[in-house]
Amino acid sequence: MDEGSKVNPKRTDLTGYTREEVEDLAVGLGQPRYRGRQLFRWVQARRVRDLGAMTDLSQAFRTVLGDHVVISRPEVTQAQRAGDGTRKFLLQLADGEEIESVLIPDDGRLTACISTQVGCPLACRFCLTGLMGMRRNLAAGEIVGQVLALQDALELGERISNVVFMGMGEPLLNFPQVERALRILCDEQGANFSPRRVTVSTAGHVPGIQKLAASDLSVNLAVSLSATTNGVRDMIMPINSRWPIATLLEACRAYPLPRRRRLTFEYVMLDGVNDSLEDAKRLVVLLRGIRCKVNLIPLNASPDLPDRPPPRDRVEAFQVILHEAGLTATIRESRGWDISAACGMLRVQRGKA
Ligand code: SAH
């Protein structure tokens, strides 16, 4: 048991335990292995937190469990709905820290966008979470717990279909807990997300990309590139001075892609900073030979951020250049703009209130 898996230091948080760990726990408590699998199903597939309701487990086992485990869930303290159906949640953790998760309906999908850290140490110039600084990593149970809490908040018949690790924090700086959360969410005895429907987004942490590539997780990778020269990228994403563009793209080229899958490059567009037609042309050259799509994201502005989004026609001209070069490029419509749903916005607003 590692530190991150515990909410209460004396008790195991089952929400953050992989199926294998729950099975080991059952065996450790004198039960057959399959009892652990049943317990995992109660927690992850049925989302039940009350041991008393787990009727196919013996009363004796449930009593011992009661002494050893908790089944944590972040508490929804605020929920907002934007005109376009995007729902944004402020969640409180056991130690009082707050994080954000977002539900985005799109094209028949319902995507949960979840956080991996409280705050973030990377300080990207356009990101509000960065302004908070780093507070702490989330435990696996707090990452998985966001998906379970959001699913609980849905109406009957609504089901989360996709999960993106694009909320607060840099997932690859919290690799061990993110990896466990991915295994739990994709377990067929649990929530059973296909890895095709799960995406980890990184600001460009190269060793983390390599670890993800070497794992058997097979989830989608999104990389926040947002510049085409090291000069500009150093300025807006300080992580670039550690792993510059060429090093980052080399790691991307080495990422094993199953057939018919592609990497995603996110490109946050800042007026007069990274939005020129020369940038678009350089981007085409940089991405040559990488099976990918580009997601252009006009900055979600805030009074706390120094930049502005480019005028719409510049965003579209940028997209045209990518299209003409044969790249797939979409413009992310600012989902949930009326509830400030960009990374870190709700948490930061609340911090001021
Ligand atoms: N640290 C990870 C995941 C969190 S950020 C990463 O960098 O990918 C998720 C996405 O939101 C990134 O593409 C980031 O560039 C983008 N983003 C952050 N702040 C934004 C803002 N104010 N407007 C638009 N996109 C933003």
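The values are calculated or read from the model by the stated rules, or taken from the named source; none is laboratory data. Note that the structure is a prediction, hence the values are computed from the model and not measured. With ideal geometry, Cβ positions are generated from the backbone for all residues, glycine too; neighbour counts draw on all protein chains shown. Heavy atoms of the whole protein, side chains included, go into the accessibility calculation; ligands, DNA and RNA do not. Shrake-Rupley method; radii C 1.70, N 1.55, O 1.52, S 1.80 Å.
Assorted remarks:
- Residue check: Ala94 meets all listed conditions (1) open to solvent by less than 10 Å² (accessible area, probe 1.4 Å); (2) of a type outside the set (Ser, Thr, Tyr); (3) in contact (Cβ under 8 Å) with a residue 40 or more places away in the chain; (4) assigned to a loop (DSSP other than H, G, I, E, B) but one, namely (1).
- Only residues that are crowded, with 16+ Cβ neighbours inside 10 Å, small (Gly, Ala, Ser) and more than 16 Å from the ligand (Cβ to nearest atom) were counted in the range 214-230, giving 1.
- Residue match in the range 121-128 (condition: part of a strand (DSSP E or B), open to solvent by 60 Å² or more (accessible area, probe 1.4 Å), in contact with a Gly (Cβ under 8 Å, 6 or more places away or on another chain) and on the phi < 0 side of the Ramachandran plot): no
- Selected residue (only one of Pro256, Pro309 is open to solvent by 10 Å² or more (accessible area, probe 1.4 Å) and within 16 Å of the ligand (Cβ to nearest atom)): Pro309
- Just so you know, in the range 65-75 the residues that are surrounded by fewer than 16 Cβ atoms within 10 Å (Cβ to Cβ) and not charged (D, E, K, R) include one that is farthest from Ala153 (Cα to Cα), and it is His68.
- Qualifying positions in the range 97-112 - crowded, with 16+ Cβ neighbours inside 10 Å and more than 22 Å from Ala45 (Cβ to Cβ): Glu97, Glu98, Ile99, Glu100, Val102, Ile104
- The residues on offer are Val43, Val118, and the sole one that is at pLDDT 95 or above, open to solvent by less than 40 Å² (accessible area, probe 1.4 Å), under 29 Å from Pro238 (Cα atoms) and not in a loop (DSSP other than H, G, I, E, B) is Val118.
- Test for Ala203: is it surrounded by fewer than 19 Cβ atoms within 10 Å (Cβ to Cβ), touching a residue at least 40 places away in the same chain (Cβ under 8 Å), hydrophobic (A, V, I, L, M, F, W, C) and under 30 Å from Leu185 (Cβ atoms): no
- Which listed residue, of Ile290, Ile245, Ile297, is under 14 Å from Ala329 (Cβ atoms), in contact with a helix residue (DSSP H, G or I) (Cβ under 7 Å, 6 or more places away or on another chain) and either open to solvent by less than 50 Å² (accessible area, probe 1.4 Å) or more than 15 Å from the ligand (Cβ to nearest atom) (or both): Ile290
- The residue list Gly85, Gly96 contains one member that is out of contact with any strand residue (DSSP E or B) (no Cβ under 8 Å at 6 or more places or on another chain) and farther than 30 Å from Asn240 by Cα, which is Gly96.
- Residue in the range 162-173 that is open to solvent by less than 30 Å² (accessible area, probe 1.4 Å) and more than 14 Å from the ligand (Cβ to nearest atom) present: yes
- Cβ-Cβ distances below 7 Å connect the following pairs, each with a first residue in the range 137-150 that is over 16 Å from Val198 (Cα atoms), a second residue that is assigned to a helix (DSSP H, G or I) and open to solvent by less than 10 Å² (accessible area, probe 1.4 Å), and a separation of six or more residues or different chains: Asn137/Asn174; Leu138/Asn174; Ala139/Ser5; Ala139/Gly16; Gly141/Ser5; Gly141/Thr15; Gly141/Gly16.
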